[in-house]
Each structure stands twice: as structure tokens, then as C-alpha cells.
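Beneath this line is the structure, given in C-alpha cells, with notes to follow.
Please treat every number below as a calculation from the coordinates, not as lab data. Note that the coordinates shown come from a computational prediction; the quantities given were computed from them, not determined experimentally. Every residue, glycine among them, receives a Cβ derived from its backbone with ideal geometry; neighbour counts consider all protein chains shown.
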Amino acid sequence: MRLLTLTLLFITLGAAEDGLQGWLRYAAVPGSQNAIVPSQIVVLNATEGSPISTAQQELEKGIKSITGKAIKRRSAARQQSRAIILGTRDTFVKHYGNMTALSGLEEDGFYLSTEGADVTIVGHNERGTLYGAFEYLSRLAQGNFAPTSAVHNPQAPIRWTNEWDNLDGSIERGYAGPSNFFRNGFVVDNVTRTAEYARLLASLRINGVIINNVNANASLLNDRNLDGIGRLADAMRPYGVQLGIALNFASPQTFGGLPTFDPSDPKVDAWWVNITNVLYEKVPDMAGYLVKANSEDQPGPLTYNRTLADGGNMFAKALKPHGGVVMFRAFVYDHHISPTNWTSDRANGALEAFQDLDGKFDDNVVVQIKYGPLDFQVREPPSPIFSFLRDESTAIEVQVTPEYLGQNDHLVYLAPLWKEILEFDMRADSQPSKVKDIVSGKRFKRKLGGYAGVVGAGANTTWLGSHLAMSNLYAYGRLAWDASLDPQDILQDWIRLTFGCDEQVVSTITDMAMRSLPAYENYSGNLGVGTLTDVLYTHFGPNPLNTDNNGWGFWQRADHDSIGMDRTVKNGTGNAGQYAPEVAQMFENIETTPDNLLLWFHHVPYTQKLKSGKTVIQHFYDAHYEGAAAAQEFVTQWESLEGKIDQERYENVLYEQKFQAGHALVWRDAINDFYYNVSGIPDDNGRVGNHPYRIEAEKMTLFGYKTYAVKPFIAASGSAAIITTSNSTTGTATTNVTFASGTYDVAVNYFDLIRGKAKYQLAIGNRTVGEWVGDAEGKLGHEPSLYLDAHSAMRITFKGVSVARGDLVRITGQADGMEPAPLDYISFLPPGVVD
Ligand code: GCU
């Protein structure tokens, strides 16, 4: 009996919810047994390993898992009852005759009808058929059994991901463990994860993956790796996902042994033609190349005074006979510009680089443009180059891996950011020119165009390092197919597929996710100032001190009185003038510039009044308090779902949300202290620099600990922390409770460095309140920092602790490795207070 109970328990729980299946879990849907789901499947053309045979397997597996009912395979001639008919348009027409709906099918499109006698899934091509199968399954998995009948076509042909995987197995800007494609210089032998990834992507109708870093290593082209590339492509092919690679422009010289990589040298051209031909022998359906040239020290044609078009076209010609495309990045800028020059501006770089090149690229080149002119900041206007290039195909590049937006340790649902850019009307020739219509090719009548999403999927079972972050990959795919979709609708599909259809689960996660981007913007950089992260180091925590005075150009130009980049034509860098006239005029004029881009385009006094009536500086202070407060609420919201989410994912997300809540306070205080310090203008509400519930560690009685001046100073409360006197010491910091007796949430702020796992104990009145270990590096999915700074600053909170005035407070810290058990402060927070 006990055995039976256990077995049943296992069946109910099913596979571990470790995130590996993403939104393709096919969880059982209560009541679906009674839904009219066919019991047979007729597959019209299923060659082994083709996307249609994948579709068949997915349908069989998915329907069994969702409804509990098995479906049987039948040939068209032997079909006895309601069936799923699966095939491409051509084979369907052959068996069943034509249908008017099918004439509307475009490349990769599909027709799904559940209304007739059968469920009909007909793709324009095999890949489209697979997309149709996934769409049908997505509906069933969400408990949506309503009849439907429609043609679904993509808005753009290019819907790719860019993976920035390095040959050594690391991933540039990846926050979820090592690469799924490479290890120790070579393509991995085991391609299981590649196939699993392709499956997730195919369900989003993504049709291409660039497998390696844009900062490309030419050794990708050695013989062993060429074979490996073939293996990876084989693993993706059943999902209709085509493989592409990023190239290093100097490969003919650095890898091929030629004396030059000059694109106008015939030997260089011949070298690329040859290697391209070899690649197509291994991967006959290779998608193409991605090229980052003359940017951030990467080689390119400018080295030889050739144009970027000369460079791009060299690859285009090699790819042309094979049908491949070149994604040529517009991310070209000089990172040694002079900050003392009022008119220099990194945001001008791309358009300056491409200004004479409109119409000069071959027709299988697509110019790949980051959404904003700078670099994936929390708020940027669309890049002006979208409306400047009329005779080139273009694609928008977005970052699913939030390099500047919390690195998947902060919940930031990105679809609203992308949507805002995609819906922005660039007013080219004073005509409607939304970014989405430019990159789809419609606005300027281009055959090619589309979407590139930098994902950073790693070997972690969550793929991105956090379960909630998968909403971003999901939303990216959905928007790349159809940018008219609403981010909240997309999100809710994802929630139902990922966590089930419980109404409280759906509404709670919806609320958290929809508030997450505004919250992050509020506690990072407001009013278009940029993300204010540490641009010279890891781009994670706050460090507004180093945004200015370096060649990287993320400047905010904050001085004692004023702040913001003057990008006007009349007085600044002229960047506003790179837009089409109507948009240029809007940004040139401070009155018509939206508040959220004010500091992007204008340099103003801190006392400048916003349209809201607040001053810039007070807006900063308030927004940082509001954003950090929202991050605290995400924890309670998530906790309200306990019991409704499986334990593994519940605990995992809870850890991340608690981390974010603590780190949001680090952000809030660091940025506010910075502006208070630089401007000297106090917060109207008296909060900034005033923390009555805190006891600074450096003010406690120290034994085996010493005071340490943290850099940047804004990373520590009171600018200082304590560290153990040596790396093998156990230190104690003691003080007495000066607050009234009562119940408090007790928070300890400390620093968790990556090379060590220090141990801590907090005791109050001789009772142990809690013990913890500085082991976030193993839990966050990535390793924030080697130093005591705003990346490693963390908080742990013990709820509802009873304390009496005068109680002895003792924190014990035992150093480990390079981690000297650093402590910043302890807070005694009365109910409802966050500080
Ligand atoms: C950012 C990022 C780099 C990346 C670059 C790019 O600057 O920090 O890691 O190489 O973008 O997009 O090429």
C-alpha cells in the first residue's frame, strides 16, 4: 500500500521541475480528457529527422502528457476517426485538394484549424508545420480548447538568436553556467542540450542560431571544429533551426596564414570563398555569418581603408551561391573618445560609420542594429540608423541576457522595453515608419530583415540562470514573429505554460513581471541617464562614479549643478539631428522631449522642473525609493504562491527575489548618495543619507575585525565596512540594541565575494538568530565580483525577531579563502519599514 502511494506520488509529481523543459512541460490540464482532441494522427510527409517527424513526436508526447490520451498513427487511407492531419501545403493539397486558406501561406507560415472534422496543421514548409504543431500544443497546454482556424505568417524572415559562446566554454555576458556548444577550445561531443535548445527555439518559431561570440575566435574554423559545427547543425535540423557562425575578420591572416586580411586582396576573397564552401559541405543549410568589424578592438576593413560595405560584401559574395546571409553589425564606434570634448558622443558612432554606405551592401547583407544608439541601456531612444538606411535590409538586435539590467538576478521582464522601441515611429519622410515595420522589410520594401536576440543560454537547467528570466526568451521569440502582440498577453501565455493556469499564480506573476522593468529603471538610472552600472567592470551593481571621464562614452556629465548629455544640434553633440526631421525636432526641444529621455538629450540643472512638477533631483530620490520598495513587494508576492508552485522552482525564485530586494536597496542608496554627494541638494523627504534603523558595522566593538574603506564609497553605508584582520581569522562585532524593545525584521548587509565562502552567525541577547554562508556565487548563476563593491553587496533578513533594549548584538564572521567575512551594517526594522 505504501509502495503504491509512493508510486502514485511520483507519477503526480512527474519529472523534476528544474526548468529544463521551459514552457514545453506539457503539464496535465485538468478536464482536458473530455476535450475533443483527436485520437489519431495522419502524417503526410515525415522523413526521418525532418521537422515534420519532430512535430509528430511532439504531438504524440504532448497530447499524452496534457490529456492523458494516446494518439495513434494512421495513414491517410486508413484514418478511421477524428485525426490530426499534419503536412506541408503541397502534400496536403495532393491528398485532400486545395483550400483557399492555404493560398495565404507565406514562407515558414502555417494554417491551424481545429474547427472542421479533423485538426488540420499545414505548413508552408516543414518548419512551418512544426510551428503549427507547437501552436496547437500551446493552446492545449493552456487549457484553451476553443475552436480556431487561421493562417499564421511571420512578419520577417530572420528570427535568430545570437549566442555569445566562447570556444573555451565560457559565455560572454552569460549568467547561466558554461556553454552548451563548446568546451576547452572545441565543439562538445554531446549535443543533447543543443537539440533541447533548438526545440525550445522552434516552439517560438526562431529559425536561426549564431553559435559563437561576436568577438569571434578564428580557431572555430579548424578541422575538428568544422566537424563539430556539422554535428551541432545536425542536432538543430530536426527543429528547423539553422546554424550560423560569427566570424573574426582577420581569420585569413591569423588563422589562414595569409600576410593580410584586406578585403580587396583576391587571395583573401578566395580564402573566404573556400572556407565558406567547406562549411556548406558540413552544413548544407547554414544560415550565414554574423560579423562584428572595427568595433571594440575587433579587426575589420577599416584597417585597410576599405569601407564596411567592402567588408560585408566579401562575405556576401562567398555566401551567395549557397543562399546564406551576412548579418553585419552596426555596433561600430570608437571607445577612446574624449570626455572633455562637449561634442563627442558614442551614440553618433553607428550612423557616422554607415553614412555613406546606404545602398552599398549586397542584397544578402542585413545590417544588424542594437535597439538603441548606445548599448542595451535601461532606456534609450531607438537607434537613428533605423530610419537612415533606406536601401539596406536591417534587423534589430536586442539582449535577452540582461547585461545591464540585473543579469537575471533581478526580475526584469523586457518585452515592454522592446515593444516600446518596435512601436516607435521614426517618421522617415514624414511617413509612418515604426521600427517594427522597418526591420520587417515592409517600410522600405526590403526582402530581408528581422530580429537578433542575444540570449546567453548556458548549461544551467534553467537555461538563463533564473526561472522567471525565461519569460524574456519566450517574449523575444513571440515578438520576433509578431511585434503587434501585447507584452502582457505574451507573458500570461508563458506563465500558464510554465507554472500552470491557477488564477492567483497567473495574476501574481503578471503583476510582478509587469512592474519589474519600471522598478529596475527607478532604482538604476532615471530620466534617460543610462543604467549607471559599473561600465568599467562587470555591468551588474551600481557605480555612477565611473560612467564619466573615460573613453567608453556612457557619460551622464554629472557635475555640482547639472546633469545629462547635451545631444542637441544647437549646443551639443548633434545626435538629435541624426533622426528624421520630425523626431529630431522633438528631441532637440527640451519641452517636447519626454521626461524619460530628458537626460539622454539635454544637460540640465538638478533643479530643472519636470513635466510632473518635480525637480530632476527629487525625481531621482523618489524614483529610487519607489523602485526599491517594489522589489521588496516582489518577495511577498512570490511568497503568497507557496504551495501553488513546485518546491524546487519556488525556492529557487524566492532566493533570487530576496537577493533582488537586498540589491535594490544597495542600488537605491548608492545612486542617491552619489547625487546627494555631488549636488549637495538634500532629499525633500529627508531619507537620503539618513538611516535611523541602522547600526554601522564600523561603529560596533570589533575583535578580529577592522574597518575597511569601500571603493566606490557609495557601495557601503557610511562609506565603510569591516573585514577580518586576516584571511583565516574569526572576528566578532558587538553592540547593544538601542531601539525600543519589540519585534523587528533584522537585516544584515554584507559582501559576498566570489573566491571564498565565509561563515556568519548573528546572535542577539545570547540567542542565535541565524547563521549563513557567503556562497551566493554558487547560487546566483554567475559570479558578481572579486571585490567589496556594489556588485558583491548583499543583504540577509531575519523576520520577526524579538529584541529588548540593551540586548547584546553579536555578529561572528569566519573568513574563508579570499573572503574576509565583510560586514556593512545591521538594521532593526519595525514592521513595514524598509531601510
Ligand atoms: C557590449 C558588451 C560586450 C559585447 C559588445 C557587443 O559592449 O559589453 O561584451 O562584446 O556589447 O555587442 O559587441
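Return the loop-located GluC sites (Glu not before Pro) in region 91-155 (DSSP other than H, G, I, E, B) with at most 16 other Cβ atoms within 10 Å of their own Cβ; answer none if there are none.
Working: sites: Glu106, Glu107, Glu115, Glu126, Glu135; in loops: Glu106, Glu107, Glu115.
Loop-located and lightly packed - Glu106, Glu107, Glu115.
Working from Cα pairs under 8 Å separated by at least six residues, relative contact order for region 152-237 is 36 percent.
Considering only the other residues whose Cβ falls under 12 Å of the Cβ of Leu610, what net charge follows from Lys and Arg at +1 and Asp and Glu at -1? Write out the running numbers ahead of the final one.
Values: positive: Lys609, Lys611, Lys614; negative: Glu591, Asp595, Asp622.
Overall, the nearby charge balance is 0.
The modelled label-to-label distance between Gln585 and Asp168, using points 7 Å beyond Cα along the C-beta direction, is 5.4 nm.
Taking a ≥ b ≥ c as the square roots of the eigenvalues of the Cα gyration tensor, region 196-260 is prolate, since a/c reaches 1.5 or more and a/b is larger than b/c.
Rg over Rh for region 139-295 works out to 1.05, both radii taken from alpha-carbon positions and Rh defined as the Kirkwood radius.
Extent of the chain along its three principal axes (Cα atoms, max minus min coordinate, largest first): 87, 80, 54 Å. Between region 659-726 and region 124-153, the alpha-carbon centres lie 53 Å apart. Qualifying GluC sites (Glu not before Pro) in region 40-72, where qualification requires a DSSP coil assignment and no more than 15 other C-beta atoms within 10 Å, comprise Glu48.
As a test of the formula, what do you get for the chain when each DSSP H run with n ≥ 4 contributes -39,500 (n - 2.57) and the sum is divided by the residue count, at 222 nm and rounded to the nearest 500 deg cm²/dmol?
Working: 20 runs with 250 residues, N = 835.
About -9500 deg cm²/dmol.
Sequence-distant contacts, meaning Cα pairs under 8 Å at least 6 residues apart, place the relative contact order of region 498-546 at 18 percent. Packing-based ranking of 573-579, 408-414, 533-539, 592-598 yields 408-414, 573-579, 533-539, 592-598, ordered from highest to lowest mean Cβ neighbour count within 10 Å. Looking at region 387-463, the GluC sites (Glu not before Pro) that sit in a DSSP loop and have at most 15 other Cβ atoms within 10 Å of their own Cβ are Glu423.
Have a look at the DSSP beta bridges in the chain and tell me what percent are antiparallel, nearest 5.
Numbers: 63 of 109 bridges.
Percent antiparallel among DSSP bridges in the chain is about 60.
Look at the dipole of the chain built from charges on Cβ: of Phe554, Thr735, Ser433, the Cα furthest out on the positive end belongs to Ser433. Pairs from the table (Lys658/Lys759; Lys61/Lys779; Lys267/Lys320; Lys360/Lys447; Lys436/Lys570) lying more than 21 angstrom apart at Cα are Lys61/Lys779; Lys436/Lys570.
Maximal additional length on extending the Asp358-Thr254 stretch stands at 34.4 nm, based on 0.36 nm per residue less the C-alpha distance. Take the Cα radius of gyration of region 388-496 and divide it by 2.2 N^0.38 Å, N being the number of residues; the result is 1.15.
Each Cα pair under 8 Å and six or more residues apart adds its separation to the average, and for the chain the resulting relative contact order is 10 percent.
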